[in-house]
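Visitor: Below you'll find the structure I mean.
The values are calculated or read from the model by the stated rules, or taken from the named source; none is laboratory data. Just so it is clear, the structure is predicted and the values come from calculations on it, not from any experiment. Positions of Cβ are backbone-derived with ideal geometry, glycine not excepted, and every protein chain shown enters the neighbour counts. Note: accessible area is taken over every heavy atom of the protein model, side chains too, but ligands, DNA and RNA are not part of it. Shrake-Rupley method; radii C 1.70, N 1.55, O 1.52, S 1.80 Å.
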Amino acid sequence: MKASLIIAAGGSGSRFQRTLESSKRQPAGTSKNQTPPSKLFYALAGKPLIAHTVQVFQKNPQVQETVIAAPLEAHSELKAMIRDNRWRNVKVVTGGATRAQSVYKALRKTSPASEWILVHDGARPFVSAEAVEKICAAGKKFEAVILGRKVVPTIKEMHEDGRVLRTVDRSKLAEAETPQMMRRKTLLRAYEDFSGAFEVTDEASLMERAGVQVHLVTHEGWNPKITTYKDFELAEAYLNQSSIIRTGFGRDTHRLVEKRKFLLGGIHVPYEKGPLGHSDGDALLHAVTDAILGAIGAGDIGDWFSDKDPKHKNIASTKMLQAVLKDAAAQGFTVTHADTVVILERPKLGLYKKKMKENIARILGLSSDQVSVKAKTAEGLGPEGQGLAVTCEAIVTVKRVEL
Ligand code: MG
């Protein structure tokens, strides 16, 4: 089956903003120096909330394309996110005044080649790949399928003055979640045929009105809609308790010789000598690279970039580090911190430490307060002390969320 996914991300999130303002804590935005365009852009475990949502569906081969309906002010941030994550077939449209209007606008941009439409709330980042799979599989049997959970609490019907009228039979009740899936042409027609179509709060309601039998698939996972700031804090706690944190150590020494450019942390340090090496000899980036490899248990820099291989001759150490980072990311690891030491007698690095730190932070995708570069002399002792070599050490912390 071929499906297009619509992510409803058009809401103003006013309830979230209200509860955020009354809270003492401020969550981190994902772009520096600006207020995120909506709750979906606050960072959850270092990644925008909506990025968690989109990612689940990127892994599903049945989802051919994704259309995100979002407010105009969120478009540039979303487009950067799509580019940086190298997501496949994701486009952005401007949302409407109601959820249903947003979904309809996105629906009109979906490919007619998709027989099915999946609609999912941008604010539900924890839907499992298995639940999505279950919904897609149910399309073989049913016209419209939604994800939901059986209602567990005891439910009362009440009068507006507070009197309890009766206890509702909960065995027949379920809470509708997303994704919700239906045939593209049925959904299009329902929007065009029903005058109240733009007031519905979910697509299943529209299907019910159109006389299409909707089926509810239940699941046992946790798929909350992040509505208030309390929900967001709960989501953060959930991700944190599901994270594994590891550290890795790296160390590298290069001989200093004449007629070599001196690179440290990717920054050129003017000096009469530079590091001898098969690559560009950047001992600081090598130590960081080895520390990452150590943290993810993936060998050492020599295994990755053999100095016997002519294709690695004069290779830029930035490229080596980026290749290792990519492998770490493929295993679900993100670097959260790097602390380093450079042991060098001459030249003095005072002027360059800040540049090195900022450059390493940029490569690792961190802010500069998550990286440290410290410089030491060796008090005239040993090869570093005699100016014959530079040695660098690094400790790196990585994190992987395992839900
Ligand atoms: Mg080296």
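Visitor: Take the stretch 283-319 and flag every residue that is under 30 Å from the mean Cα position of the chain (by Cα), within 10 Å of the ligand (Cβ to nearest atom), open to solvent by less than 10 Å² (accessible area, probe 1.4 Å) and in contact (Cβ under 8 Å) with a residue 60 or more places away in the chain.
Guide: Passing the criteria: L284, L285, A287.
Visitor: Moving to a separate point now. Applying the selection to the stretch 243-259, what residues are open to solvent by 40 Å² or more (accessible area, probe 1.4 Å), under 28 Å from R400 (Cα atoms) and away from the ligand (no atom under 16 Å from the Cβ)?
Guide: I244, I245, R246, T247 - these are the residues of the stretch 243-259 that are open to solvent by 40 Å² or more (accessible area, probe 1.4 Å), under 28 Å from R400 (Cα atoms) and away from the ligand (no atom under 16 Å from the Cβ).
Visitor: List the residue pairs whose Cβ atoms are under 6 Å apart, where the first residue sits in the stretch 119-140 and is farther than 19 Å from L206 by Cβ, the second is of a type in the set (S, T, N, Q) and surrounded by fewer than 20 Cβ atoms within 10 Å (Cβ to Cβ), and the two are 6 or more positions apart or on different chains.
Guide: Listed by first residue and then by second, the contacts come to V132/N60; C136/Q62.
Visitor: Right, something else. Taking strands (runs of 3 or more DSSP E) that do not extend beyond the stretch 105-180, which have at least 1 residues that are more than 31 Å from the chain's Cα centre (by Cα) and modelled with pLDDT of 95 or more? Talk me through it step by step, then tell me what you get.
Guide: Working: elements: 116-121, 144-150, 156-158, 164-167.
Of the strands (runs of 3 or more DSSP E) lying wholly inside the stretch 105-180, those with at least 1 residues that are more than 31 Å from the chain's Cα centre (by Cα) and modelled with pLDDT of 95 or more span 156-158, 164-167.
Visitor: With the condition kept exactly as written, say whether any residue in the stretch 332-340 is within 18 Å of L366 (Cβ to Cβ), open to solvent by 30 Å² or more (accessible area, probe 1.4 Å) and part of a loop (DSSP other than H, G, I, E, B). Lay out the reasoning, then the answer.
Guide: Taking the stretch 332-340 first, the residues within 18 Å of L366 (Cβ to Cβ) are 332-340.
Checking the rest, the ones that are also open to solvent by 30 Å² or more (accessible area, probe 1.4 Å) come to 332, 334, 336-337, 339.
Filter once more, so that each one left must be part of a loop (DSSP other than H, G, I, E, B): 332.
Yes, some residue in the stretch 332-340 is within 18 Å of L366 (Cβ to Cβ), open to solvent by 30 Å² or more (accessible area, probe 1.4 Å) and part of a loop (DSSP other than H, G, I, E, B).
Visitor: Now for a separate question. Pairs only if they're at least six apart or on different chains, beta carbon under 6 angstrom, first in the stretch 1-26 and more than 16 Å from I68 (Cα to Cα), second of a type in the set (D, E) and surrounded by fewer than 18 Cβ atoms within 10 Å (Cβ to Cβ); list them, first residue then second.
Guide: So the pair list comes out as K2/E115.
Visitor: Going by the conditions given, is E345 crowded, with 19+ Cβ neighbours inside 10 Å and within 15 Å of the ligand (Cβ to nearest atom)? Write out each step before concluding.
Guide: Values: crowded, with 19+ Cβ neighbours inside 10 Å: yes; within 15 Å of the ligand (Cβ to nearest atom): no.
Criteria not met by E345.
Visitor: Could I ask something else about it? How about the stretch 260-282: which of its residues are within 14 Å of the ligand (Cβ to nearest atom), open to solvent by 50 Å² or more (accessible area, probe 1.4 Å) and among the charged types (D, E, K, R)?
Guide: Result: R260, single match.
Visitor: Pick from the stretch 350-369 the residues that are among the basic types (K, R) and surrounded by 14 or more Cβ atoms within 10 Å (Cβ to Cβ): which of them is nearest to the chain's Cα centre (by Cα)?
Guide: To start, the set of residues in the stretch 350-369 that are among the basic types (K, R) comprises 353-355, 357, 362.
From what's left, surrounded by 14 or more Cβ atoms within 10 Å (Cβ to Cβ): 353, 355, 357, 362.
Details: K353: 30, K355: 27, K357: 24, R362: 17 Å.
Result: R362.
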